[in-house]
1. State whether one or more residues within the range 34-45 are of a type outside the set (Lys, Arg), outside any loop (DSSP other than H, G, I, E, B) and at pLDDT 95 or above.
2. List, please: which pairs have Cβ atoms under 6 Å, are six or more places apart or on different chains, and start with a residue in the range 58-73 that is closer than 15 Å to THR91 by Cα and assigned to a helix (DSSP H, G or I) and end with one that is at pLDDT below 90 and among the aliphatic types (A, V, I, L, M)?
3. Among the residues of the range 43-55, are any more than 15 Å from the chain's Cα centre (by Cα) and either under 23 Å from TYR9 (Cβ atoms) or of a type in the set (D, E, K, R) (or both)?
4. Kindly indicate which of GLY33, GLY23, GLY59 is of a type outside the set (A, V, I, L, M, F, W, C), out of contact with any helix residue (DSSP H, G or I) (no Cβ under 6 Å at 6 or more places or on another chain) and not assigned by TED's automatic domain parsing to the domain that holds PHE4.
5. Within the range 3-18, can you find the residues that are without any contact (Cβ under 8 Å) to a residue 60 or more places away in the chain and in a loop (DSSP other than H, G, I, E, B)?
6. Of everything in the range 36-56 that's in the same structural domain as GLN90 (by TED's automatic domain parsing) and small (Gly, Ala, Ser), which residue is nearest to ARG6 (Cα to Cα)?
7. Restricting attention to the range 36-50, which residues are surrounded by 10 or more Cβ atoms within 10 Å (Cβ to Cβ) and closer than 30 Å to GLN82 by Cα?
8. Here is a list: GLU83, GLU54. Which entry is exposed (fewer than 10 other Cβ atoms within 10 Å of the Cβ) and outside any loop (DSSP other than H, G, I, E, B)?
Amino acid sequence: MALFYRFLYLRGYGFSATGTSIGIATVLPRLLGIAGFTQVRHLTHVQDFSLGAESWMDGYRNQEVLNVTMTPLLVKVGLISQEEGDTLNQTGPD
């Protein structure tokens with residue numbers, strides 16, 4: 001995910017000052033308030049994609065699609081080489 005966050009940061013997307021996250025969690029309540037929402041609540045949501053969990057393969061496949069989709073963009077902006085992208089996309093589930 002670090003490459004994805006960095007890509008967004010370099011393209012001017014997200015709210016992170018450093019490019020190490022998307023940074024939306026800290027600004028979303030304020031943005032919703034500006035948009036006119038008056039009853040903004042904070043809830044925590046966790047999904048277990050750990051090895052052996054029921055949703056593990058779904059999480060793995062989602063990451064696999066993201067990797068394949070993002071590789072050309074990451075190469076284009078110089079964050080990785082094509083060879084590095086190919087290597088990332090060849091690693092399979094353990």
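The values are calculated or read from the model by the stated rules, or taken from the named source; none is laboratory data. Being a predicted model, the structure only gives us computed values, none of them experimental. Please note: Cβ atoms are built from the backbone with ideal geometry, for glycine as well, and neighbour counts cover all protein chains shown.
1. yes
2. Every condition considered, the pairs that remain are ASN67/LEU88.
3. yes
4. GLY59
5. Hits for the range 3-18 are GLY12, TYR13, GLY14, PHE15, SER16, ALA17, THR18.
6. Applying the filter and picking the extreme gives SER50.
7. Residue satisfying the conditions is PHE49 alone.
8. Result: GLU83 is the single residue among GLU83, GLU54 that is exposed (fewer than 10 other Cβ atoms within 10 Å of the Cβ) and outside any loop (DSSP other than H, G, I, E, B).
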